[in-house]
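Data block below; observations after.
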Amino acid sequence: MRLYPLRDEEYQLDHTSSSSDDPPIWWRAERYLREKFDLEEDHGSWYDARTREGEKVELKSCQYRYEDGQIGNFKIWFEQLTKLFRHDGYIALLVYVPLDPPAVLATQLLPNYAISTDGAVSFKASHPTMDGKTLVQIPWTEAIPLDAIRMGCRYEFLEHYSDRECEDTFYFDPPVGSE
């Protein structure tokens, strides 16, 4: 992946290093999403934020690729996903590149009906507050459209998108009446 478009300060999770004194990346990603989409922090329940109109929003982030080369996954508890669907909520997503400081590759705010779990993997996971509940992993390329990826980085991920979405994103279709 080319690094030149990722060093823009506007697209960094913060301007500090990733030392042990800094907040964890997920916390910085949540702050970035709240600011970008003008959300109010609300950790009082199963969701992380609210819109100005009071709609519930779950915030999720993931690394663009793992060390083994696999594409990153958003991880959400099945129970949260069900409530998101039931309460007409939203999910705000952020994909980052683990630089120092981490760079934002893509963001998206989706209504509940736009969240697909077609390629998702589910498994039982233990967590200090969630017990042995089901965790759903959604590959980020299935949740974030190609045109939401930062300019200069989109070509890196073409294999994960349909030919039609690639054509629409890169304007390969000739203008109507140009033939």
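The values are calculated or read from the model by the stated rules, or taken from the named source; none is laboratory data. Since the model is a prediction, treat every value here as computed from it, not as a measurement. Counting neighbours? That spans all protein chains shown, and the Cβs are built from the backbone with ideal geometry, glycine included.
Within the range 31-65, the set of residues being touching a Gly at 6+ places or on another chain (Cβ under 6 Å) and among the hydroxyl-bearing types (Ser, Thr, Tyr) comprises just one member, 64. Entry remark, the range 64-88: residues being surrounded by fewer than 21 Cβ atoms within 10 Å (Cβ to Cβ), among the hydrophobic types (A, V, I, L, M, F, W, C) and closer than 23 Å to residue 156 by Cα number 1 in total. Of all residues in the range 12-26, those that are among the charged types (D, E, K, R) have Cβ atoms under 6 Å from Cβ atoms of residues that are modelled with pLDDT of 55 or more and surrounded by 10 or more Cβ atoms within 10 Å (Cβ to Cβ), 6 or more apart or on another chain, in 14/28; 14/101.
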